[in-house]
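Here the structure is laid out as structure tokens; the discussion comes afterwards.
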Amino acid sequence: MTYKFWHGIIPPYRQLFYQICDIQLPEVQNIVNANNFKEPPCSKQHGFLPPNACNDIRACINKSIGETLKLKLSEQAAGKPGDQNSESEDNEGSDSEMEDEDQILATYR
């Protein structure tokens, strides 16, 4: 089974292996296309990609997932559709919500 990565969609599993062509982020496409028409020698570690390209791509994916999680958590906190607990909450629950958000975001770093 293959998976594609798009901004705004949380991956179904915590760890997935993507082919670079399946990562649908403009930043990643810019990294991949940075060496167009400048064919460097193929290295054993990086292939035809620039050095550190894999780390840069990983950072782009992590940033996208973090932004998506923050957006979805803020929508739930605001009680928008998709929130499973739509009852009004007191301010005392906000500290635990922030801790939960930090824990969720930490798993994707």
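Overview of values
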quantity	calculated
Computed accessible area, Ser64, all protein chains, 1.4 angstrom probe, square angstrom	10 Å²
By average C-beta atoms within 10 angstrom, highest first, the peptides 69-79, 7-17	69-79, 7-17
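The values are calculated or read from the model by the stated rules, or taken from the named source; none is laboratory data. Everything quoted here is computed from the prediction, not taken from an experiment. Methodologically, a virtual Cβ is constructed for each residue, glycine included, from the backbone with ideal geometry; neighbour enumeration extends over all protein chains shown. Side chains included, ligands, DNA and RNA excluded: accessible areas come from the protein's heavy atoms. Shrake-Rupley method; radii C 1.70, N 1.55, O 1.52, S 1.80 Å.
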